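Heads up: the structure comes next, in structure tokens.
The values are calculated or read from the model by the stated rules, or taken from the named source; none is laboratory data. Everything numeric in this text was worked out from a predicted model, so none of it was measured. Positions of Cβ are backbone-derived with ideal geometry, glycine not excepted, and every protein chain shown enters the neighbour counts. Side chains are part of the model used for accessible areas, which takes the heavy atoms of the whole protein and leaves out ligands, DNA and RNA. Shrake-Rupley method; radii C 1.70, N 1.55, O 1.52, S 1.80 Å.
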Amino acid sequence: MTTASQMKKIAEPLLQKYPDLAWIGRTIILKPVTHIARGIIMDSSAGKTGFNPRWGATYLFRERTSLSFHWNIQFPYRPIGIWEIDHPDHQSAFIEIAESEALPRLREMNEFESFLNFTECSEINYSWTALPLARVIIQAALGKISEAQKSVEVLREANPTAAVQPYPLFNDILEHLWPALIKNDRPAIAQVLHHWEQKTVTACKLTPYWQPTPFPIEETA
């Protein structure tokens, strides 16, 4: 299994060259961090020397204890064995793909709307609208309150007799977000989302790079 220090050594030329990059755990993070986190994650893969580079993004305004990019694109496995630290060209290949493909596209994803568009591109297996719990939260953030209400009702109808829903996130939605949604209380909705985002930013060690910003719901009547 490869280590975080080995991954940082591979990424070091990028970290030194570009001031908008930071390193957390096994991940290159793009700064600033707002409602979304963007970057390149370098997970371990099978064997002692393999690693699995992927670039992508996720939204932060739900409680998380670790950072992962739920919408991501795999670095190509060409040539075979390139993502092994004992391959002589693994670092140069990584840097070339990062600079030519991953980082330019991640930098373009500098608005919330561009992140949503990214989840709907042909290279991603599913969009934000395909995930029921994410759909509720993002609809709320966008100020699409009636749509978020309907999304919650659909989820509740799917399991109407359970006193506690099977997904912790859905319980959080029902306890904290749903009361504000049914009252059409935009400030309260935004407050819940900001609270979740701050807790996630702290848990994921993103605070030094975080730039709090308003949600779309706060900018529309």
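Among the strands (runs of 3 or more DSSP E) confined to segment 1-107, the ones with at least 3 residues that are of a type outside the set (Phe, Trp, Tyr) and either within 26 Å of Cys121 (Cα to Cα) or touching a strand residue (DSSP E or B) at 6+ places or on another chain (Cβ under 7 Å) (or both) are located at 27-30, 36-44, 51-59, 71-74. Scanning segment 109-146 for residues that are aliphatic (A, V, I, L, M), modelled with pLDDT under 95 and not in a loop (DSSP other than H, G, I, E, B) gives Ala130, Leu133, Ala134. Tell me yes or no: at least one residue of segment 56-78 is over 24 Å from the mean Cα position of the chain (by Cα) and without any contact (Cβ under 8 Å) to a residue 60 or more places away in the chain. Yes: segment 56-78 contains one or more residues that are over 24 Å from the mean Cα position of the chain (by Cα) and without any contact (Cβ under 8 Å) to a residue 60 or more places away in the chain. Figure legend. Inter-residue proximity from segment 26-48: first residues hydrophobic (A, V, I, L, M, F, W, C), second residues open to solvent by 50 Å² or more (accessible area, probe 1.4 Å) and assigned to a strand (DSSP E or B), beta-carbon distance below 7 Å, spacing 6+ or different chains. Indicated pairs: Val33/Trp210. Residues in segment 151-172 that are among the charged types (D, E, K, R) and either farther than 12 Å from Leu133 by Cβ or at pLDDT below 85 (or both) were compared, and the one that is surrounded by the fewest Cβ atoms within 10 Å (Cβ to Cβ) is Glu157. The residue list Lys17, Lys8 contains one member that is open to solvent by 10 Å² or more (accessible area, probe 1.4 Å) and closer than 30 Å to Trp196 by Cα, which is Lys8. Restricting Lys199, Lys205, Lys150 to those that are touching a residue at least 12 places away in the same chain (Cβ under 8 Å) and in a helix (DSSP H, G or I) reduces the list to Lys199. Scanning segment 106-123 for residues that are in contact (Cβ under 8 Å) with a residue 24 or more places away in the chain and crowded, with 17+ Cβ neighbours inside 10 Å gives Leu106, Met109, Phe112, Phe115, Phe118, Thr119.
Residues of segment 124-133 being open to solvent by less than 30 Å² (accessible area, probe 1.4 Å) and within 21 Å of Glu63 (Cβ to Cβ), which ones? Matches in segment 124-133: Trp128 only.
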